[in-house]
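Below is one structure; the comments refer to it alone.
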Amino acid sequence: MGSESSSLSPAGGGDVLASPFEASRSFSWQDTFSRPSRHSVQVALTSLSPQMATVLGVPTAYHSSVIVDGEEYSFSKAGLVRARNFLSHRHLNGPTHVIDLGSSQVSGMDMAKALRNYFKPNTYDLLLKNCNHFSDCALFFMMGARLPDKYKAAEALGASMEKTLGLIKMLSMGDYVPNPEALSFDLLFVLGRVGCPKRITESQAEVRRRVANAGG
């Protein structure tokens, strides 16, 4: 989920890699099927909520990113960012969990090229279109599995409260203003467009078990 001020900027040490938006070719399933190699997939998670929020029954907010072959793919105001060393989690003192999900025939750059038009720069929104929406789509595209609802519950509740009551804007003293560029984002539509062919995944039951158990 992150925060509105968590857009990524280039860090030292070569942590930010070539942007997926710089790739000249678009994604092709034919290209993927022609390459028999497998790519390791992990999901990195950092809890953003104080322990008291859990005690009070408020959903825990999370920042998430997808790690493919050791390279991180995350979404922020900068759009899709490809980096090393869990860059998007560093300012949050994370990640608190890194979960191995298995392997996929889809490479990280192929995933990014397939999703880049849905997660462009300056379309990020704290509630409507954030890092968890990207991770959800990336995992579904690569593994045929969804990011569990418990990692998206905070923004789902916040979006509902904002839509019906305008409560988040009020509680944030006007700091939160919905991004007009994110208003048309439809998660289910994107998932429907980027569905993963069964032939590229490991055992679906095993992948879903790992994702569902992510972080305990």
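Readers should treat all values here as calculations from the given coordinates under stated rules, not as data from a laboratory. All values derive from a computational prediction rather than experimental measurement. Cβ coordinates were reconstructed from backbone atoms using ideal geometry, including for glycine residues, and neighbour counts include every protein chain displayed.
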Which far-off residues, 5 or more places away or on another chain, put their amide H under 5 Å from the one on LEU101, with H placed in the peptide plane? VAL41, GLN42, VAL43
Taking a crude spin-label model, label points 7 Å out from Cα along the C-beta direction, the ARG193 to LYS150 distance in nm is 3.2 nm
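Using the Cα atoms of the stretch 66-154 to build a convex hull, what is its mean projected area in square nanometres? Can you show the working numbers first?
Working: hull surface 22.6 nm².
It is 5.6 nm².
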Other-chain or far-sequence residues with amide H under 5 Å of ALA61's (modelled H): LEU48, SER49
Long-range amide H partners of PHE86, meaning residues 5 or more apart or on another chain whose placed amide H is closer than 5 Å, are GLU72
Applying the Karplus parametrisation 6.51 cos²θ - 1.76 cosθ + 1.60 with θ = phi - 60° to the phi angles of the stretch 122-129, what ³J(HN,Hα) value in whole Hz is obtained for each residue in order, glycine and proline being reported as x? 6, 10, 5, 9, 3, 10, 8, 7
